[in-house]
Amino acid sequence: MKIHPDANEGLAHIGALSVPFHDTLAPEDSRNTIVLIHGTGGSAKTHFRTLFPMLAARYRVLAVDLQTPDGELTLGALTEQVAGVIDQQAPARPVHVVGYSLGALVAADLAASRPESVASLTLVAGWVRADTQQRLRNRIWHRLFESDQDLLREFVTWTAYGHPFLAGRGDADIQALVDARTFPEGIAEQMRLNAVADLTGRLAGITAPSLVIAGAHDQMVPARQTRLLFGGLPNARYAVIGSGHAVPHERPAQLFQLISGFVEDPAATPADEVQEPIFV
Amino acid sequence: MESTPMGHPASDSPVDVIIVGTGFGGLGMGAKLAREGKRSFIILERDEEVGGTWRDNHYPGAACDVPSHLYSFSFRPNPEWSRMFAPQQEILDYLRSVARDENLLERMVFGAEVTGALWDEAAALWKVTTPKGEFAARTLVTAVGHLSEPKLPVIDGLSDFSGHLFHSAQWNDEIDLTGKRVGIVGSGATAIQVLPEVAKVAGEVVVFQRSAPYVTPRPDRAYTEEEKGLFRKMPEVMQELREEMFWSNEERYAQRRGTPTLVSAAAQVALDHLHRQIEDTELRRKLTPDYTFGCKRVLKSSDYYPTFTQDHVHLETGGITRVEGNRVLGRDGGSHELDVIIACTGFEATDLPIAYRIFGRDGQPLSERWANGMQAYATTAVHGFPNLWIINGPNTGLGHNSAVYIAEAQIDYIMAAVNFRDEAGVPALEVSGEAEDAFMDRVDHLAQGTVWLEGGCSSWYVDHRNGRLTTLWPEPAYTFRQVNAPFDPEPYLTWSPDEAGEHILAGVR
Ligand SMILES: Cc1cc2nc3c(=O)[nH]c(=O)nc-3n(C[C@H](O)[C@H](O)[C@H](O)COP(=O)(O)OP(=O)(O)OC[C@H]3O[C@@H](n4cnc5c(N)ncnc54)[C@H](O)[C@@H]3O)c2cc1C
């Protein structure tokens, strides 16, 4: 089934790669375009199954399925794919870019290298450069990937979701989350990139209005790391969601409202400020 | 404010605000006014007690189906909720404590059913008639509920039923159901709570179902003493829990937007639940809904389906032709002799009785303005009805989140409107007809493509008179607050006496 009834599925050819995308573009749709970039081991469908339709009710949504080419993976190789899809599908006006996890690093890289394409930048559960806590988890991940993928499924479930989210579910629900874990092709390369990718020094040149969103209970990319994006971006505001790393899975509706509010009026919260929590 | 010896406020001097109703809506409005402390107000209630929905619906098994830490006022968290979904008595006790602790009891007049409310233009006052006397106020806020007028099914001979007949919201405690033959008409939110309880004592139970609901598991559990202790000592933990509940309900909104992947995943949860709990294929078939998930209220119960596996519980899906004596005759030729019929058939939600009792400018009844279906600007103000604001009226229902959240957004709006009016020094605010129509066009537009209009079911969400979604808000709950809580004077008109003594309408700014 398509991610959304209005989504057209297509391919962009970038070098030797065919990069799939999902685009709700319809003739005469003059609404703002939101570009969604997923994270490690994901795809538009697995990371944005709820967020995509929520956004599609208000915006044109264009989501990219990142490909992992042979050889060593670099941030630039991923950024090039997103740029290629934008050039093919939405060249006319700057777009609102939303990146999640590794996708947040890609989004920031895009905004730094092609400022003219980016109307606004939303970075969800991203980071600047992995610290020792993150690299320790990354090492455990690789060892389990080589030795025991069943155990890796449990480990990843335990680290991906916030503890309140997991604790609020029954044993059968947890088992279903574990069973649903897959390790798609290219994931090990992406995990290697997570450990070495580095945005140090590149944020200061990003002029697009930015929103940095952290998961309060994120164990993969602790909020203290995500906050550094806020520290480095010259035109950024900061918001916290009470979730783990799996923000688009745990709190899609809250994420949607934050993104939509920001895209409607990027200056509603002035730069350098922490956003008021949404009234509940 | 003066009080009469009988304890209720004097009826001869006008007050700033009259609130009608003492459910979540009326109590919330009263609490905000009392906390602000700037205005005189009274609260009129037709019953002898506060509580609204939660006073009337005391049937066995009654409980909320939005978690209690969310289904309560944001400004009055309650660390004592015993369970995730508190039973009716606890919710009623909570509302009583709100009335008491917010100092609202002394402003209430009980037994005061509003039979007429007339806008007196010359005096710029609402004149309100009740059996307890006449009251006058500059501002009228109705919070009379949208699920407060019980609706009985239209069945030939039902009123001559020789056994006992009552509606679930008017439960007859005099009747002991032990060993009785009981018919339950309906299979909605109330029936699924009533059935398991009635089946525990009745000799025989027959459920007359018109259309099978989607039922999902109800993850109810008791809070531990440790949890309640923590809630008392660190209220912010309750707030975190509330947010978790709110956003997880909001997520369900996406299923209502007609996104096939999400709708089918959500429907599957309900169908799996049915399969796990019912083995009999014929029974499964009868209990399987025939419309799109979410078109009618999605229900939560973990003990409804299993009740049907008991030998003394029967499910009739053929429809009722008529009632004769103590027998209910089915369209398929079958008949059931019954001692008691309980109508779990819901409420009058689209044609609100209060609309026939409110008369605006030039004596126009609200029911006339709403003859083709109700509508209001920002869900609360109506052209032709100055200084009237309606809580839980048109487009305030939610299929997926807490009604209290909605009422609080409206209360914030009303507080801001009244404050604006008084600071501007104008006697009355009246929304323009154009602004009201434009707002409704926007709501209509948002409703397009939602499951309520396109899910192939008939429900009380849609007004059959105009095919519009008039009871439900078609967007997420947070969007309701974003759109309807901030007050903007722009669309309002006010009047001032001109030299000829006639009134002219002019934009407030
Ligand atoms: C069985 C049941 C379960 C529900 N469960 C939930 C739930 O879990 N979550 C949820 O969000 N919503 C639920 N609801 C919806 C519920 O109606 C609202 O949540 C909320 O309680 C409505 O509050 P209210 O103040 O608007 O109206 P009500 O609670 O209906 O209060 C209206 C008050 O106005 C009084 N009144 C009416 N007419 C007059 C008059 N002419 N003069 C004077 N007084 C008058 C009535 O006596 C009543 O006290 C449920 C409804 C029912 C019936």
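Observations, loosely collected:
- The range B:156-173 - residue that is within 23 Å of the chain's Cα centre (by Cα) and either open to solvent by 80 Å² or more (accessible area, probe 1.4 Å) or away from the ligand (no atom under 16 Å from the Cβ) (or both) and, of those, nearest to the other protein chains (Cβ to nearest Cβ): B:170
- Subset of the range B:231-261 [more than 7 Å from every other protein chain (Cβ to nearest Cβ) and closer than 18 Å to residue B:76 by Cα]: B:231, B:232, B:233, B:234, B:235, B:236, B:237, B:238, B:239, B:241, B:245
- Candidate set: the range A:7-31, residues that are surrounded by 19 or more Cβ atoms within 10 Å (Cβ to Cβ) and part of a loop (DSSP other than H, G, I, E, B); chosen: the one farthest from the other protein chains (Cβ to nearest Cβ): A:24
- Within the range A:152-167, the presence of at least one residue that is in a loop (DSSP other than H, G, I, E, B) and in contact with a helix residue (DSSP H, G or I) (Cβ under 7 Å, 6 or more places away or on another chain) is confirmed.
- Scanning the range A:240-263 for residues that are within 22 Å of residue B:486 (Cα to Cα) and either of a type in the set (S, T, N, Q) or more than 10 Å from chain B (Cβ to nearest Cβ) (or both) returns A:254, A:257, A:258, A:259, A:260, A:262, A:263.
- Residue within the range A:182-201 that is closer than 20 Å to residue B:252 by Cβ and either modelled with pLDDT of 95 or more or in contact with a helix residue (DSSP H, G or I) (Cβ under 9 Å, 6 or more places away or on another chain) (or both) present: no
- Only one of B:333, B:294, B:319, B:346 that is open to solvent by 40 Å² or more (accessible area, probe 1.4 Å) and modelled with pLDDT under 95: B:333
- Looking at A:179, A:218, just one residue is away from every other protein chain (no Cβ under 14 Å), closer than 16 Å to residue A:156 by Cβ and open to solvent by 60 Å² or more (accessible area, probe 1.4 Å), and that residue is A:179.
- Note on the range B:174-186: among residues that are out of contact with any strand residue (DSSP E or B) (no Cβ under 6 Å at 6 or more places or on another chain) and away from the ligand (no atom under 14 Å from the Cβ), the one that is farthest from the other protein chains (Cβ to nearest Cβ) is B:174.
- Check on residue B:138, more than 19 Å from residue B:402 (Cβ to Cβ), away from the ligand (no atom under 16 Å from the Cβ) and at pLDDT 95 or above: yes
- Residue B:270 being away from chain A (no Cβ under 13 Å), assigned to a helix (DSSP H, G or I) and either open to solvent by 20 Å² or more (accessible area, probe 1.4 Å) or among the small types (Gly, Ala, Ser) (or both): yes
- Of the set (1) within 30 Å of residue B:451 (Cβ to Cβ); (2) assigned to a loop (DSSP other than H, G, I, E, B), all apply to residue A:69 but (1).
- For residue B:287: the one exception among (1) within 14 Å of chain A (Cβ to nearest Cβ); (2) crowded, with 20+ Cβ neighbours inside 10 Å: (1)
- Filtered by the rule that a residue be within 14 Å of another protein chain (Cβ to nearest Cβ), within 10 Å of the ligand (Cβ to nearest atom) and open to solvent by 40 Å² or more (accessible area, probe 1.4 Å), the range B:50-81 gives no residues.
- Whichever residue in the range B:399-408 is within 13 Å of chain A (Cβ to nearest Cβ) and in a loop (DSSP other than H, G, I, E, B) and, among such residues, is farthest from the ligand (Cβ to nearest atom): B:400
The values are calculated or read from the model by the stated rules, or taken from the named source; none is laboratory data. Predicted model, so just to flag it, every value in this text is computed and none were measured. Using ideal geometry, Cβ is built from the backbone for each residue, glycine included, and neighbour counts are taken over all protein chains shown. For the accessible areas, the whole protein counts, side chains as well, though only heavy atoms, and no ligand, DNA or RNA atoms are used. Shrake-Rupley method; radii C 1.70, N 1.55, O 1.52, S 1.80 Å.
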